[in-house]
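J.: What follows is a single structure, and I will ask about it in a moment.
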Amino acid sequence: MEKIKIAIIGSGRMAWIMSRNAHEMGLVTHCFSNVEPDFIHDEVDVFHNISIFEKDKIVEICKSEAIAGVIATTELTVAVAAYVAEKIGTPGITYQNALFITDKFRNRMVCRDIYELNQPAFYRIYSESNLNVVSCDYPVIVKPTGKGGKKGITVVNNPQDLNSAYQYAKDYSGEAPVIIEQFIEGGKEYSVETLSYKGKHYVIQITEKITSGPPHCVELGHHQPADLSEKMKEKVKTAISKGLTAIGVDNSTCHTEIKIVDDKIYLIEFNARPGGDHIAWPLTELSTGYNIIKGAISIALGKFKGIDFSSFNKNYAGVYFVTKQSSYLKPIFDECEKYDWLYHKNYVSEELQELEHNDCYGTNSIIYFSKSHRINL
């Protein structure tokens, strides 16, 4: 019997992760990209050297190869995957929704009436001459409307620094506008990993973030599960489910970022792809026993059967990034092999880096796993 084939749009690390998990499911993987990193050829079965923006050519190939599902790997590939899936008749976000699903301004607009999701003041800025519309109190956070991974982000404390922050965000946003939001002070940041199938939403895990804070709010680590009360977890599940429905995520995985201040949930952003920084894989599987990547693949194939949450493990997993901003970790990093909680050490360089945006594979890091407690370093 011929094996089922899945199309993976993009060729980055998430594509490698997707292909590896697809192989464990017995699938044949077809990767579409005109960027060919060495590591991708070690994992995918068929590499199609084609720009991801040549959507109709990808559709033709998928039809000729009898591809049974299409999956996105990054923000850039979400709309492409949706277009191809729609054309070949497999599950996915509608292309019309996918065109705007990464737009932070649009997502804030459609979530304005969700009582459980609080929002700061926010402004869409098309040019420097438009900066005078910002009328909220400082500090504000300036960022591209369509980029993830903390790229192009700056917290600004006064109007005098707004122009340079705008230009920094614009370097990443390209032709797209920039969004300026009142900075939500206090509290903690979290991310929520979900799967959605036929409009029903499943919250798989809530991750507690360690961030550098202003000016760039780089993520320096993640803990699963988040240290939240059961009542707050239920509030998060309700808020995120309503948000996913509002923005049009119905057949996809999603990585949603929030901040909780004085028991109020504030929306930061939605990303209709798996969480990076090792969050979706391997942390979520380590902490719950459930493989969210395989769940996302099952959705793309139309074979998702729901989730038995009663079977989830209650383990602890996390990652620490060892950077200049977290230099206190260097002595532990140097000898972490001696600890029984070590799951993986990623050694990149002896010299620590100053991060301006997330870079999990290019950064020294420690992934931990424990069945009994969180590892606080």
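The values are calculated or read from the model by the stated rules, or taken from the named source; none is laboratory data. Remember, it's a predicted structure, so these values are computed and weren't measured experimentally. Counting neighbours? That spans all protein chains shown, and the Cβs are built from the backbone with ideal geometry, glycine included. Only protein heavy atoms, including side chains, enter the accessible area calculation; ligands, DNA and RNA are left aside. Shrake-Rupley method; radii C 1.70, N 1.55, O 1.52, S 1.80 Å.
J.: If you scan segment 361-373, which residues turn out to be outside any strand (DSSP E or B) and crowded, with 16+ Cβ neighbours inside 10 Å?
T.: Thr363, Asn364
J.: With respect to Thr194, determine if the residue is part of a strand (DSSP E or B), within 16 Å of the chain's Cα centre (by Cα) and of a type outside the set (A, V, I, L, M, F, W, C).
T.: It is true that Thr194 is part of a strand (DSSP E or B), within 16 Å of the chain's Cα centre (by Cα) and of a type outside the set (A, V, I, L, M, F, W, C).
J.: Given the condition part of a helix (DSSP H, G or I), out of contact with any Ser or Thr (no Cβ under 8 Å at 6 or more places or on another chain) and farther than 24 Å from Ile279 by Cβ, answer yes or no: does some residue in segment 14-27 qualify?
T.: The answer is no; no qualifying residue exists.
J.: Since Ala82 meets every condition but one in (1) out of contact with any Ser or Thr (no Cβ under 8 Å at 6 or more places or on another chain); (2) in a helix (DSSP H, G or I); (3) under 24 Å from Ser298 (Cβ atoms), which condition does it not meet?
T.: (1)
J.: Could you name every one of the strands (runs of 3 or more DSSP E) located completely within segment 247-341 that has at least 2 residues being at pLDDT below 95 and open to solvent by less than 40 Å² (accessible area, probe 1.4 Å)?
T.: 264-271
J.: Another question, then. For segment 167-192, how many residues meet the condition of being open to solvent by 10 Å² or more (accessible area, probe 1.4 Å) and either in contact (Cβ under 8 Å) with a residue 40 or more places away in the chain or of a type in the set (A, V, I, L, M) (or both)?
T.: Selection size over segment 167-192: 11.
J.: Here's something else I'd like to know. Which is of a type in the set (Val, Ile, Thr) and open to solvent by less than 10 Å² (accessible area, probe 1.4 Å), of Thr211, Thr207?
T.: Thr207
J.: Look through Phe47, Phe39 and report the one residue that is in contact with an Asp or Glu (Cβ under 8 Å, 6 or more places away or on another chain) and of a type in the set (A, V, I, L, M, F, W, C).
T.: None of the others qualify; the one that does is Phe47.
J.: Only one of these is crowded, with 22+ Cβ neighbours inside 10 Å and touching a residue at least 40 places away in the same chain (Cβ under 8 Å): Val84, Val44. Name it.
T.: Val84
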